[in-house]
Each structure stands twice: as structure tokens, then as C-alpha cells.
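The values are calculated or read from the model by the stated rules, or taken from the named source; none is laboratory data. Because the structure is a prediction, the values reported are computed rather than measured. Here the Cβ positions follow ideal geometry from the backbone for every residue, glycine too, while neighbour counts run over all protein chains shown. These area figures cover heavy atoms from the full protein model, side chains too; ligands, DNA and RNA do not enter into them. Shrake-Rupley method; radii C 1.70, N 1.55, O 1.52, S 1.80 Å.
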Amino acid sequence: MASSSLSVVLLLCLASAVSAQLSSTYYDKSCPSALSKIQAGVAAAVASDRRMAASLLRLHFHDCFVQGCDASVLLNETSVGGNERGAFGNVGSLRGFEVIEQIKKDVEAVCKKPYSNNGSVVSCADILAVAARDSVIALGGPSWEVKLGRRDSTTASVAQANQDLPPPFLDVAGLNASFAGKGFSLTDMVALSGGHTIGMAQCQNFRNRLYNEPNINTTYATKLKLNCPTSGGNTNLAPLDDDTGTPPNPDLFNNDFFINLQLEKGLLHSDQVLYNATAPAGATEGIVNGFASSQAAFFSAFASAMVKMANLSPLTGSQGQVRTVCSIPN
């Protein structure tokens, strides 16, 4: 226990040191239009495909949670240590790579060109971090400061992705261990789970909950079974948030996800375990109740946790590189 606590303290100290190395004004001279170009690229992508906002948020999460926020998830070559796109939690489900590549091209077109970095100025890791924030804003969610100056990795690790990314069948203890290992508190973990207020999940990831778990709303389960049979249809999609608004809109970033947990309408096992309606309110139940009753409280906690997320072990200074193409190391 002492060793685990010490590890968390060291992670928090490291995150503070990293945050000091990053800067919100990093591109003010070399590429002053970078942030507006990223925002415009995200806005265009989300206008064309509302689901893309969730996809870009998920790309950032699945990048930072493995080697750190270094754009390793964007690499599409096995020669760099394993293609993270093929990890259990990523294969066949990660989207948005082409959006990030297009934003990269658009951003570099307006930057002042250096004599190094193969002419590239803005890192793919920074683009991904800003795009995640702008995606949430595009669907009505909160904003947060994204400090800049991350550099891109030259390697990826499918083995580490398989080890670190939390699967959808974890219980609260497993989720807490996974997130605490990255320096997140229990409140951070529940708030980040609230990112599932947008996006979709594949039938294969919620079929067992649908047919074998008792704590699921009957009407909700009946509706889901129409598109997720006992066999087949593995990649059929369902919204992670069965929106409770009028009219229903699962493409809005709001606190309905937590209200749905209270109604036993969590799609994934790892979401519904945060709230047990038949038991006295425990640690996560209390947090869920707080976020369900106050969207402002959820937004504040989510923004705070996303700042921590963006500071997970980025490469800075002379570490790594600034890729010319996000899917290929220079």
C-alpha cells in the first residue's frame, strides 16, 4: 500500500513538472493561427459527422493512457514497436485518424517554417490534445486550458496498450486501480467515465451485460436486443448515453450519462458498476449522484481531469520529434 501511494505521489509531482515545461503560448510566434485552424478543422469534421467528436476525444484518451500524450496511437507502422491501433481496446473501433491528418496539413500550411523538424512546427500530440478539447466544446461541453509543447514519439507499444487501457468489463476496484496508476483520483475516474455521454459502443462490448446482468432497465434492454442479438452483429452500434432529454439527443455533451446510471441504463458493465441502485450509496454512487444533480459540477470535474490527462508523460524539449505526417515517424 505504501509503495502504491508513493507511486501516485511521484506521478503527481512529475505531472506538475511537466506542466511547467508546457506553455499555452508555445506557438504564439511560430504558428499563431494554429489553435484557430485546429478549431476550424474539428468544427468541420463534427458538422459532417457528429459522432466524430467522441472519436477524437477517445483518440486522445487512448493515446495518453498508454505511453503518455505523445501521439503514439496515430502511428500506423508495426516497425515502431507495435501498432497500437491493433490493441484489444482499439482494433476496429478507433476513428478520426484522417481528421487529425487533415488538420495537421491545414495547420502546417499557415505556420512559419523552421530549419529543423523537416519543416514541421506543430506536433501531432498537441493537435490531438487541442482537438479533444474542441470536440467537447462543439457538442456543448466545457472548455479547459491545453498547454502546448508536446513532441511526438518515434515508437508505439501494442503490448502496453493491451496492458494499460481499461477494458469494458472491469469492476469499480479494477477501474480505480487502472486510473489511480495514472495519477487520477476516484472523482477524476468517474468524471472521465462521463465522457461516455457521447459516442457509441459495439454490441460485442455490451452483449454480456445485456443478456446476463440483472441491473439493467427492462425497457432499455429490450430496445438494445433488437440490434444486439445473442450471436452475430458484433460490430452493431448503440449510443453510450441513452439520452434522457426531450427530444433525445445522445450527441450532446451533458450530465445525462449519470442520470442514466441512476436508472440502470448504463450501456457498458464498467459504466453501470459506478452506480448500484439497490445498495447504500458508496464512494462512486455519491459522486454519480452529485454529477447527476449538477451538470456544472460534472463539467468542472471533467475539465480538471482532462487537464491531468493532457499532462500524462508528454515528450518535451529535445525528446521525440515533430512528425511531418502523423501516422509515420520522420
Give me the accessible area per residue for the chain, probe 1.4 Å, as a whole number in Å².
-> 42
The summed charge of the Glu264 Cβ neighbourhood (under 12 Å; Lys/Arg +1, Asp/Glu -1) stands at -1
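Taking the Cβ of Leu74 as the center, what net charge do the other residues with Cβ under 9 Å away carry, scoring Lys and Arg +1 and Asp and Glu -1?
Values: positive: Arg85, Arg323; negative: Asp63, Glu84, Glu101, Asp152.
My count for the surroundings of Leu74 gives -2.
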Putting +1 on Lys and Arg Cβ atoms and -1 on Asp and Glu Cβ atoms, find which of Val122, Gln163, Ala132 reaches farthest to the positive end of the dipole of segment 87-222.
-> Val122
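Going by average Cβ density within 10 Å per residue, which order do the peptides 257-268, 89-100 take, highest to lowest? Working shown, then result.
On the way: 257-268: 23.3, 89-100: 18.1.
Sorting 257-268, 89-100 by mean packing, highest first, produces 257-268, 89-100.
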Would you mind checking the radius of gyration and Dmax of segment 60-200 based on alpha-carbon positions, in Å?
-> 15.9, 51
Within the chain: Cβ-based charge dipole about Cα centre, in debye rounded to nearest 20 (Lys, Arg +1; Asp, Glu -1) = 520
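Counting only protein heavy atoms, what percent of the accessible surface of the chain is carbon or sulfur at a 1.4 Å probe? Numbers along the way, then the final one.
Numbers: 7770 of 13970 Å².
Summing carbon and sulfur atoms, their accessible area is 56 percent of the total for the chain.
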Under 20 Å from the Cα of Lys265, which lysines turn up, not counting those fewer than eight places away in the same chain?
-> Lys223, Lys225
Could you give the size of the charge dipole of segment 49-107 about its Cα centre, using +1 on the Cβ of each K and R and -1 on the Cβ of each D and E, expressed in debye and rounded to the nearest 20?
-> 240
If you wrap segment 136-181's Cα atoms in a convex hull and average its projection over all directions, what's the area in nm²?
-> 5.7
Grab the beta carbon distance between Ser318 and Ala296, set R0 = 45 Å, and tell me the FRET efficiency rounded to 0.05.
-> 0.60
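Any idea how many Lys pairs in segment 44-185 come in under 22 angstrom at the alpha carbon, given 8 or more places apart or on separate chains? Mind showing how you got there, number by number?
On the way: Lys104/Lys112; Lys104/Lys113; Lys104/Lys147; Lys105/Lys113; Lys105/Lys147; Lys112/Lys147; Lys113/Lys147; Lys147/Lys182.
Lysine pairs, 8 or more places apart or on different chains, close enough: 8.
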